[in-house]
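The values are calculated or read from the model by the stated rules, or taken from the named source; none is laboratory data. All values derive from a computational prediction rather than experimental measurement. Reconstructed Cβ throughout: ideal geometry from the backbone, glycine too, with neighbour counts over all protein chains shown.
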Amino acid sequence: HAIMNGETVTGITTFFIEKEIDTGNVLFKEEVPITETDCAGTLHDKLMYKGSELILKTVQAIEQKAIKPIPQTKLIGIVPELKPAPKIFKDDCLINWNSTGKTIYNFIRGLSPYPAAYTKVLDKQGNERGLKIFETAFEPALHNLPSGQLITDHKKQIKVTVSDGYISLLSIQLEGKKRMDTKSFLNGMAIDTIISN
């Protein structure tokens, strides 16, 4: 959710477990920056690495009786406000092409590689297909085209119009096919229209 919300930093903490959720005293905390190109997968790996370091630090501090637990209530106003992170279902992954380009770019990054943001398209035969989108680039631009319009050169580029520019699709997966870069996709397949907005 942090990437989907456009956050530039997230973090991890170690804390004692209490009966109520998220009430235990905090032992250590560490911030982890989120870059413009991070996706859920790369951020997961960063957090996994930092988390293992923090667990080791916590265990060593407990063994040496060198911890100073901080009640979570004392962190209010010192750390950023906690934001909810509800479970993500398939319907939550459908792209709203009426959103701004940056919002869509962050939405796709925050769901990549799993469960993956998707849209619905019509293929050349007129069949509705799901299209997962893993990697994109946002190109701010002024235009008069409606949002959600698919633009392609049928060789190496697929773009989708958004209110403030274009989203270039770089890595995609058509329902029933494997994930591939856009150029490889266009070598053997074609999509015609986005039908979900």
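Numbers for the structure displayed
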read-out: Residue in segment 43-65 that is part of a strand (DSSP E or B), surrounded by 14 or more Cβ atoms within 10 Å (Cβ to Cβ) and touching a residue at least 12 places away in the same chain (Cβ under 8 Å) present; value: no
read-out: Segment 100-116: number of residues that are touching a strand residue (DSSP E or B) at 6+ places or on another chain (Cβ under 7 Å), assigned to a loop (DSSP other than H, G, I, E, B) and more than 15 Å from I34 (Cα to Cα); value: 3
read-out: Contacts under 6 angstrom Cβ, first residue in segment 137-153 being assigned by TED's automatic domain parsing to the domain that holds S184, partner part of a loop (DSSP other than H, G, I, E, B) and hydroxyl-bearing (S, T, Y), 6 or more apart; value: S147/S163
read-out: Test: G24 is buried (at least 16 other Cβ atoms within 10 Å of the Cβ) and modelled with pLDDT under 95; value: yes
read-out: P84 vs. criteria more than 17 Å from E175 (Cα to Cα), touching a helix residue (DSSP H, G or I) at 6+ places or on another chain (Cβ under 7 Å) and either loosely packed, with under 14 Cβ neighbours inside 10 Å or not assigned by TED's automatic domain parsing to the domain that holds K178 (or both); value: no
read-out: Considering residues of segment 109-158 that are among the hydroxyl-bearing types (S, T, Y) and more than 20 Å from the chain's Cα centre (by Cα) only, the residue surrounded by the most Cβ atoms within 10 Å (Cβ to Cβ); value: S147
read-out: Failed condition for T13, given (1) exposed (fewer than 13 other Cβ atoms within 10 Å of the Cβ); (2) part of a strand (DSSP E or B); value: (1)
read-out: Residues (without any contact (Cβ under 8 Å) to a residue 12 or more places away in the chain and farther than 22 Å from I151 by Cα) located in segment 87-136; value: K87, F89, D91, D92
